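Written out below as structure tokens is the structure these notes cover.
The values are calculated or read from the model by the stated rules, or taken from the named source; none is laboratory data. Owing to the predicted nature of the structure, the values given are computational and were not obtained by experimental measurement. All Cβ positions, glycine included, derive from the backbone under ideal geometry; neighbour counts span all protein chains shown. These accessible areas exclude ligands, DNA and RNA; they are computed on the full protein's heavy atoms, side chains included. Shrake-Rupley method; radii C 1.70, N 1.55, O 1.52, S 1.80 Å.
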Amino acid sequence: MNILLFGITKSIVGAKYLTVEQPLGNVADLKSYLENKYPAFGELNALAVAVNNQYAEDITSLNPNDEIALIPPVSGG
Amino acid sequence: MEILIQISETIDCSSLYEELKHPQSGGICVFIGVVRNHSQGQKVESLFFEAYEAMAKSEMKKIAEKAGQKWDMQKVVLKHAIGTKNPTEPVVAVGASSSHRDACFEACRFLIDTLKKQVPIWKKEFFKDKSVWVTPHP
């Protein structure tokens, strides 16, 4: 499963994408995985996940063909 | 209501009047966000903007549609720049046209405030000796 990274999440991981080998059922599973592997994620004041270009809830399920992205606090404008 | 959404390296502010004018509109209101040369007491050399472009466009369209439900308008424009921008360069422009001015004034405020809260675009500030991703606190 490939995860798109933007902004500070790219700096934390040190890459543009993150490949996760283990199966993750939903967004909450992904967040736990990330905070475990990269403690710096836990220090962000918010971290949203987008699934197929839409903001997702913790209970949103993740499927192999989904486009998944990490959305750190936005700062456009 | 017509909607124009754009994410590009350079945003053209001079075209906004042509893009927003409409025979039924008696008023056009525009907000342009610009790079300033300081942040929290430090001199800013430039800003870098990154967008999750497909999602950003989809969120910008949602904001325009929401504004269209709240106010009676003829046209709405949301534009955002990406890449490196220097002080005085425009980075965001939102605008609305409506029969009477109250609607477009109020809508413009809503458009920029909501864009800043929910559109997946990120800003990196470049100072003389460091650079930081801006991560606003709630």
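Computed over chain A, the per-residue total of -39500 (n - 2.57) for DSSP H runs of n ≥ 4 gives a 222 nm mean residue ellipticity of -7000 deg cm²/dmol, rounded to 500. Where the alpha-carbon atoms of the range B:41-133 are placed on the principal axes, they occupy 49, 26, 17 Å, in descending order. The listed peptides A:41-53, B:15-27, ordered by packing as a protection proxy, come out as A:41-53, B:15-27 (highest mean of other Cβ atoms within 10 Å first). A Förster radius of 30 Å combined with the Cβ-Cβ distance from A:Ser32 to B:Phe48 puts the calculated FRET efficiency at roughly 0.45. Between the helical axis of B:53-70 and the longest alpha-carbon principal axis of chain B there is an angle of about 40 degrees. In terms of packing, defined here as the mean over residues of other Cβ atoms within 10 angstrom, the peptides B:82-93, A:10-21, B:47-58 line up highest first as B:47-58, B:82-93, A:10-21. Our note on the geometry: Cα centres of the range A:48-62 and the range B:66-138, 24 Å apart. Residues of the range B:111-138 that lose at least 40 Å² of accessible area (1.4 Å probe, protein heavy atoms only) when the other protein chains are present, relative to their chain alone, are B:Lys116, B:Trp122, B:Trp133, B:Thr135, B:Pro136. Taken per residue, the accessible surface of chain A reaches 50 Å², heavy atoms only and a 1.4 Å probe.
For the peptide A:18-25, the mean number of other protein chain Cβ atoms found within 10 angstrom of a residue's Cβ is 0. Peptide A:64-70 shows a mean partner chain C-beta count of 1 within 10 Å per residue C-beta. Dividing the C-alpha radius of gyration of the range B:17-83 by 2.2 N^0.38 Å, with N its residue count, gives 1.45. Inter-chain Cβ neighbour count for B:46-52, averaged per residue, equals 3 (cutoff 10 Å, partner chain atoms only). Calculated mean residue ellipticity, 222 nm, chain B: -9500 deg cm²/dmol, from DSSP H runs (n ≥ 4) at -39500 (n - 2.57) each, averaged per residue and rounded to 500.
Of the solvent-accessible surface of the range B:20-81, computed with a 1.4 Å probe and all protein chains present, 46% belongs to carbon and sulfur. Ordering A:Pro23, A:Leu70, A:Val51 by the projection of their Cα atoms onto the charge dipole of chain A, which places +1 on the Cβ of Lys and Arg and -1 on the Cβ of Asp and Glu, puts A:Leu70 at the extreme positive end. Among the protein heavy atoms of chain A, carbon and sulfur supply 46% of the accessible surface, probe 1.4 Å, non-protein parts ignored. In this structure chain B gives 53 Å² per residue of accessible area when probed at 1.4 Å with all protein chains present. Buried accessible surface for the A/B pair, both sides summed and rounded to the nearest 100, is 2000 Å² with a 1.4 Å probe.
Packing order of peptides A:63-69, B:96-102, A:24-30, highest average first: B:96-102, A:24-30, A:63-69 (average count of other Cβ atoms within 10 Å over each peptide's residues).
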